[in-house]
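To start, the structure under review is shown below, and the notes come after it.
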Amino acid sequence: MTLRKFAGLGALLSIVMPSLALAADEVAAPVLNSGDTAWMLTSTALVLFMTIPGLALFYGGMVRSKNILSVMMQCFAITGLISVLWVIYGYSIAFDTTGMEQGVVNFNSFFGGMGKAFLAGVTPASLTGPAALFPEAVFITFQMTFAIITPALIVGAFAERMKFSAMLIFMGIWFTLVYAPIAHMVWSGNGGLMWDWGVLDFAGGTVVHINAGVAGLVACLVLGKRKGFPTTPMAPHNLGYTLMGAAMLWVGWFGFNAGSAAAANGTAGMAMLVTQIATAAAALGWMFAEWVTHGKPSALGIASGVVAGLVAITPAAGTVGPMGALVIGLAAGVVCFFCATTLKRKLGYDDSLDAFGVHGIGGILGAILTGVFAAPSLGGFGAVTDIGAQVWIQCKGVGFTVIYTAIATYIILKVLDMVMGLRINEEEEAVGIDLALHNERGYNL
């Protein structure tokens, strides 16, 4: 009887154990989270909305009427160009972690491998995220929208004077040699240069705004001033467009910042709250600074303040609390106002639409203040225990990005200028880029 019992138990185990093992495998397998997926799909659409139509309208309203279509077309052309390059190799350069090891600096600390070129291995079943909860295809598209808006921001610095053909080639090369490597260094994970340094950049203060702002400053210096600047009036031709564009940027930025949590969770919720707080504070900060300085508040001023606040809170959105966001926003509004007006006039550079004054300065300010207000002792939610040490790390990240971007952008532009020329001629500039290069007018009366 005993032997029969053991034989029966053995037979039972032989049936049950494979089933238990299969059940364990099923439990361990990553499962798509529909809530996270829905939020990331929404965020992706919001970030694309920031460029087209948001940035296109924001910039389009600030140029003269003879150049409105050129600026809008540049935003649309960049959207198409970067989307294709991102699929071919950009995503791989930014996020392929082949050859990376924490604490080890090698080529792959700066530049990702090509294992994901042409999106190799990506299927509908591929999952990613903090716990592999949503489709990798969604993450690819989400990050694509960041890659799109960054070079589009540069357009504001050289608006009304760059050849369309030169612009396209410049943006393609700049994306390849500057944007994708900086994104890799900051966001790719263990082994990435600035990731290992401990640089905090939740949603792109360094990768997007300092990067684009510095590149814009270099571009406007290399191309030179617009004909007639600063003595000839060059007032925005349609501030209604600019205000509508700023409103679209404000709304879309919730996808930009809260979406960078890569989940529908508490971090996303706090990122949304601090984004709203900082943006509102910056809008008021710029408005009152202008009111006191010039005697009247302007629509262009409050729209610019909105963007300055959005920029400054971007690196901090996942780690600062509401009061930290309030301080960052107020500081950004006031500092960016003086940099886009007083500083620009004193130095005499022609940053047409203040890409550096708002994005470059706002990004630098936000990145440094992230190191302060991410500390729990100041109401933050980061792991910062030594504020001085973290601020130093943030400054290292800012300094490296400024130097790398400035040098690389300068070299790219100078080579292109020698090969094909960067700037339209005086006659084309007088007529306007819309008619001279695209044979169209924004307004046919």
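The values are calculated or read from the model by the stated rules, or taken from the named source; none is laboratory data. What you see is a predicted model, and the numbers here were worked out from it, not measured in a lab. Here the Cβ is made from the backbone with ideal geometry for all residues, glycine too, and neighbour counts use every protein chain on show. To get the accessible areas, we keep the full protein, side chains included, count just its heavy atoms, and leave off ligands, DNA and RNA. Shrake-Rupley method; radii C 1.70, N 1.55, O 1.52, S 1.80 Å.
Against the test of being crowded, with 16+ Cβ neighbours inside 10 Å and farther than 30 Å from LEU32 by Cα, the options GLY113, GLY129, GLY172, GLY103 yield a single qualifying residue, GLY172.
Counting only helices (runs of 4 or more DSSP H) that sit wholly inside the range 90-161, those with at least 2 residues that are among the β-branched types (Val, Ile, Thr) are 136-158. Pairs linking a residue in the range 203-218 that is touching a residue at least 60 places away in the same chain (Cβ under 8 Å) to a residue that is among the hydrophobic types (A, V, I, L, M, F, W, C) and in a loop (DSSP other than H, G, I, E, B), with Cβ atoms under 8 Å and 6 or more positions apart or on different chains, are ALA203/ALA317; GLY205/ALA316; THR206/VAL199. Annotation note: of ALA299, ALA280, ALA289, ALA261, the sole residue that is crowded, with 23+ Cβ neighbours inside 10 Å and on the phi < 0 side of the Ramachandran plot is ALA261. When the range 409-422 is filtered for residues that are touching a residue at least 60 places away in the same chain (Cβ under 8 Å) and open to solvent by 70 Å² or more (accessible area, probe 1.4 Å), the ones remaining, listed by number, are TYR410, LYS414.
Scanning the range 396-445 for residues being in a helix (DSSP H, G or I) and farther than 30 Å from VAL186 by Cβ gives a total of 14. The residue that is farthest from SER109 (Cα to Cα), among those in the range 52-92 that are of a type in the set (Ser, Thr, Tyr) and buried (at least 24 other Cβ atoms within 10 Å of the Cβ), is SER70. The lone criterion from (1) closer than 23 Å to ASN257 by Cβ; (2) modelled with pLDDT of 95 or more left unmet by PHE111 is number (1).
The set of residues in the range 162-205 being part of a loop (DSSP other than H, G, I, E, B) and out of contact with any strand residue (DSSP E or B) (no Cβ under 8 Å at 6 or more places or on another chain) consists of SER188, GLY189, ASN190, GLY191, GLY192, GLY198, VAL199, LEU200, ASP201, PHE202, ALA203, GLY204.
Checked against (1) surrounded by 18 or more Cβ atoms within 10 Å (Cβ to Cβ); (2) in contact with a helix residue (DSSP H, G or I) (Cβ under 6 Å, 6 or more places away or on another chain), TRP197 passes all but a single condition, namely (1).
In the condition set (1) out of contact with any strand residue (DSSP E or B) (no Cβ under 6 Å at 6 or more places or on another chain); (2) modelled with pLDDT of 95 or more, THR98 is compliant with all but (2).
For TRP253, the criteria (1) assigned to a helix (DSSP H, G or I); (2) over 30 Å from LEU127 (Cα atoms) hold in every case but one, which is (2). Residues that are without any contact (Cβ under 8 Å) to a residue 24 or more places away in the chain, open to solvent by 10 Å² or more (accessible area, probe 1.4 Å) and of a type outside the set (Val, Ile, Thr) within the range 351-408 comprise PRO376, SER377, ALA383, ASP386, GLY388, ALA389, TRP392, GLY399, listed in sequence order. Scanning the range 334-346 finds no residues that are open to solvent by less than 40 Å² (accessible area, probe 1.4 Å), in contact (Cβ under 8 Å) with a residue 24 or more places away in the chain, among the β-branched types (Val, Ile, Thr) and in contact with a helix residue (DSSP H, G or I) (Cβ under 6 Å, 6 or more places away or on another chain).
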